[in-house]
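For reference, the structure is listed below as structure tokens.
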Amino acid sequence: MKMTHVAFLRAINVAGHATIKMTDLNRAFVSAGFENVRTVIQSGNVLFDCDSPLRASIDKVRRNLTKLAGTQVQMMVRTQQDLEAIIKASPFQEYETRHELKCYVAFLASDPIKQPTLPVLSEKEALEIFKVAGREVFVLSRQKENSRMYGFPNGVVESEFGVPATTRNWSTIRKIAALLAA
């Protein structure tokens, strides 16, 4: 039975790091046996269908991407149902209309090694980790003091939970979920 998945790749096409063309990224998934492969936004979001054992095919994609990027690429894979559950839970409902906040979902590579007490506040990064559900971490970002920049959660999340993560803003998650539902 075919299932639709999303691969969230960590640290590709960010500030010139691990640059991979979207056509090459697509080809890496197709050559691993995935179907209906499509990329969303340049930062490494890949939608695909799979009816074969996922683990072996994902390992093949990782090898392909390592060759393309010249470095090992972390990939956090979730099912369409996983994303639908996140959207349905509406974790940012009370925050997403507040213009001074940016909302992020961090996808952990595995179950967390550490379990911090919530909320986790990072004054330096102007972040608040306010919720964890399984391997997803929900973060609010504020404008940093004396700066126009907002804190980016990935480093804080990895430090607090002890495993690799990749982070997407809430609007990207909603966009991907809408594409999956179409």
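The values are calculated or read from the model by the stated rules, or taken from the named source; none is laboratory data. Remember, it's a predicted structure, so these values are computed and weren't measured experimentally. When we count neighbours, we look across all protein chains shown, and the Cβ atoms used for this are built from the backbone with ideal geometry, even at glycine.
Residue count for segment 127-182, restricted to those that are part of a helix (DSSP H, G or I), of a type in the set (Asp, Glu) and more than 16 Å from the chain's Cα centre (by Cα): 1. Do we find that Leu127 is surrounded by 17 or more Cβ atoms within 10 Å (Cβ to Cβ), at pLDDT 95 or above and either under 17 Å from Val6 (Cα atoms) or among the aliphatic types (A, V, I, L, M) (or both) in this structure? So Leu127 fits the description; yes. Tell me which residues, restricted to segment 130-155, are of a type in the set (D, E, K, R) and either under 25 Å from Met75 (Cα atoms) or surrounded by 14 or more Cβ atoms within 10 Å (Cβ to Cβ) (or both). Matches in segment 130-155: Lys131, Arg135, Glu136, Arg142, Lys144. Ala178 is checked against (1) without any contact (Cβ under 8 Å) to a residue 24 or more places away in the chain; (2) under 24 Å from Met75 (Cα atoms); (3) surrounded by 13 or more Cβ atoms within 10 Å (Cβ to Cβ); (4) aliphatic (A, V, I, L, M) and fails just one. What number does that condition carry? Of everything listed in (1) without any contact (Cβ under 8 Å) to a residue 24 or more places away in the chain; (2) under 24 Å from Met75 (Cα atoms); (3) surrounded by 13 or more Cβ atoms within 10 Å (Cβ to Cβ); (4) aliphatic (A, V, I, L, M), Ala178 misses just condition (3).
Leu180 meets the stated requirement of being modelled with pLDDT under 95, outside the structural domain of Val37 (by TED's automatic domain parsing) and under 25 Å from Met3 (Cβ atoms). Given the residues Gln93, Gln80, which is the only one that is of a type in the set (S, T, N, Q) and either within 19 Å of the chain's Cα centre (by Cα) or surrounded by 14 or more Cβ atoms within 10 Å (Cβ to Cβ) (or both)? Answer to the selection: Gln80. Assess whether Arg98 counts as being surrounded by fewer than 18 Cβ atoms within 10 Å (Cβ to Cβ) and of a type in the set (Lys, Arg). So Arg98 fits the description; yes. For residues that are of a type in the set (Gly, Ala, Ser) and at pLDDT 90 or above, scanning just segment 6-32, find the one that is farthest from the chain's Cα centre (by Cα). Only one residue tops the list, namely Ser31. For the list (1) of a type outside the set (S, T, N, Q); (2) within 18 Å of Arg168 (Cα to Cα); (3) surrounded by 15 or more Cβ atoms within 10 Å (Cβ to Cβ); (4) in the same structural domain as Gly155 (by TED's automatic domain parsing), I need the number of the one condition that Gly44 fails. All conditions are met except number (4). For the condition of a type outside the set (Lys, Arg) and farther than 21 Å from Pro164 by Cβ, Asp59 does not qualify. Close Cβ contacts (under 6 Å, 6 or more residues apart or on different chains) running from residues in segment 157-173 that are under 17 Å from Gly44 (Cβ atoms) and touching a residue at least 24 places away in the same chain (Cβ under 8 Å) to residues that are hydroxyl-bearing (Ser, Thr, Tyr) and outside any helix (DSSP H, G or I) comprise Thr167/Tyr104; Asn169/Tyr104.
Looking at segment 77-89, can you tell me whether even one residue there is of a type outside the set (A, V, I, L, M) and modelled with pLDDT under 90? No, segment 77-89 contains no residue that is of a type outside the set (A, V, I, L, M) and modelled with pLDDT under 90.
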